[in-house]
Amino acid sequence: MLFMVHATDKPGALDIRMANRPAHLDWLTAAGPAIKAAGPWLGSDDKPAGSLLIVEMESGAALDAWLATDPYALAGLFQSVEAAPYKWVFSPPANLNP
């Protein structure tokens, strides 16, 4: 099942994001093909202000358990995290399991 995850950084936490970025990228890489899309969303100053992920997980519980291990989350970067099931309708990647 696909999930969309939208995480909002705490205000003024760019230093936390940058300090933990290498570990966060390693964490994403370790998830392999479960990651369908990932990247920061930008604030009005064109600097990262949060994260947007589209991931494939077996269940919401599996997603929650995986998100709890995100180095960004462990460092206290996020003000909020929202996740919901997602259906990719337009131009889905070739490796998507509908």
Q: Any chance you could run the full-extension gain for L52 through D15? It's 0.36 nm times the residue separation minus the Cα-Cα distance, nm to one decimal.
A: 11.5 nm
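Grab the Cα-Cα distance for L25 and K87, subtract it from 0.36 nm times how many residues apart they are, and report the gain in nm with one decimal.
Full extension of this stretch gives 19.9 nm more.
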Q.
Tell me which of G12, A62, W88 sits at the most positive position along the dipole axis of the chain, charges placed on C-beta atoms (Lys, Arg +1; Asp, Glu -1).
A. W88
(Q) How tilted is helix 14-30 with respect to the longest principal axis of the chain? Cα atoms for both, answer in degrees (0 to 90, nearest 10). (A) 30
Q.
Relative contact order for the chain: what percent, with Cα pairs under 8 Å and sequence separation of 6 or more?
A. 47
Q: Would you list the P(r) distribution for segment 2-85, with all Cα-Cα distances sorted into 10 Å bins from 0 and each bin expressed as a whole %?
A: 18, 56, 24, 2
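Read-outs: derived from the displayed coordinates by stated rules, not from any lab. For clarity, every value in this text was computed on a predicted model and none was experimentally measured. Every residue, glycine as well, gets a Cβ built from its backbone with ideal geometry; the counts of neighbours run over all protein chains shown.
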